[in-house]
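Derivation of every value follows stated rules applied to the coordinates shown; laboratory data play no part. Quick caveat: nothing in here was measured; it's all calculated off a predicted structure. In this analysis, Cβ positions are derived from the backbone assuming ideal geometry, glycine residues included, and neighbour counts consider all displayed protein chains.
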């Protein structure tokens, strides 16, 4: 068993999001400030490392947490060099540490409470419908469900040429519109097409230029086979090929920024680490709707049952999870400020799994329940993400 399989104890401690200080949501506003967009704030202090830069590629690598960098770097030497460079730093993602929430925080520059994409699955208030943000198309309308203008819209309005390069199947999806509206879209089906698309976009027009790229493979293999597995390591090697090609083709006035939406940890199979909603009736007693995901569950109790649900889940899960009322977590700042229209998207009871535990649903979600790697919780290994920077002017 490797360090990637079994995080050290300090990596399993809870970590608060650093919204407005050093979070994923602060990356694009800081880039926009460097590109001269009026009103943008360089929270991350990128003006120094990006001196003279007028073209920026920001590549978000799904699942490449800060604490996955050493394992990935074993088979990705370019990534290892970037990770050891002077412009490598740790940021936090938001809560929950899950792809839809993080992508929209990245794209809008806003904390989850403000943009409203508050989990992998969220209840549509006033209904019993649970919206899966990954399968989402146009119901509800993405522009109404996620009302915050994107950073790409702000950049384009200020005269920056903006392009998104991602998988062809994501074009026009609800999540893409929520996170990335405002730029042109180029489909790229694999790492070689992604590299070509990023380079074409960053050189296609006069500066200033902003290109936002997305690469999902590392996360997918972490889920299916585990962090540190052979398929995961092969995906890390493919990522390195992508980085090599982009860095080799960057103009001198361009920069590549690499970041991520969350980290990931492996959860052992078997009942010792996995509680099952569909086989333990105590977990569904008094619950009308279950949303969220295995590391961060949202529970919507029947009227008058909040106290019973809190007590029941605490009795079953014990130290495996923090079981709290929604308003308690909002007051602590986990979501950032939450407007009234978004409150109902969070369960009245929120279950945050700790250490290496999950709450699965083997009957209603057999695929998600059989995964090896998970995220969504608040441990250091899930919450910490990198920001790595290289410029076209850097010496080889």
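Take the Cα of residue 285, go 7 Å toward its beta carbon, and the backbone nitrogen atoms of the stretch 301-340 under 18 Å from that spot belong to 301-319, 323-324. With viscosity 0.692 mPa s and temperature 37 °C, the Kirkwood radius over alpha carbon pairs of the chain converts through Stokes-Einstein to a diffusion coefficient of 156 µm²/s.
Determine Rg/Rh for the stretch 158-266; Rg is computed over alpha-carbon atoms and Rh is the Kirkwood hydrodynamic estimate from the same atoms.
Computed over Cα atoms, the ratio is 0.99.
Modelled label positions at residue 252 and residue 325, each set 7 Å beyond Cα in the direction of Cβ, lie 6.3 nm from each other. For the pair residue 224 and residue 241 in one chain, pulling the backbone fully straight at 0.36 nm per residue adds 3.9 nm over the alpha carbon distance. What separates the Cα centres of the stretch 97-148 and the stretch 296-344 is a distance of 18 Å. Using every pair of separate Cα atoms, the Kirkwood estimate puts the hydrodynamic radius of the stretch 239-396 at 18.0 angstrom.
Using a/c under 1.5 as the rounded threshold, could you call the stretch 1-127 rounded, prolate or oblate? The axes a ≥ b ≥ c are square roots of the C-alpha gyration tensor eigenvalues, and prolate needs a/b larger than b/c, oblate otherwise. Cα axes put the stretch 1-127 in the oblate bin. Normalised by residue number, the volume inside the convex hull of the Cα atoms of the stretch 262-306 is 87 Å³ per residue.
The helix-only estimate of mean residue ellipticity at 222 nm for the chain, built from DSSP H runs of length n ≥ 4 each weighted as -39500 (n - 2.57), is -8500 deg cm²/dmol after division by the residue total.
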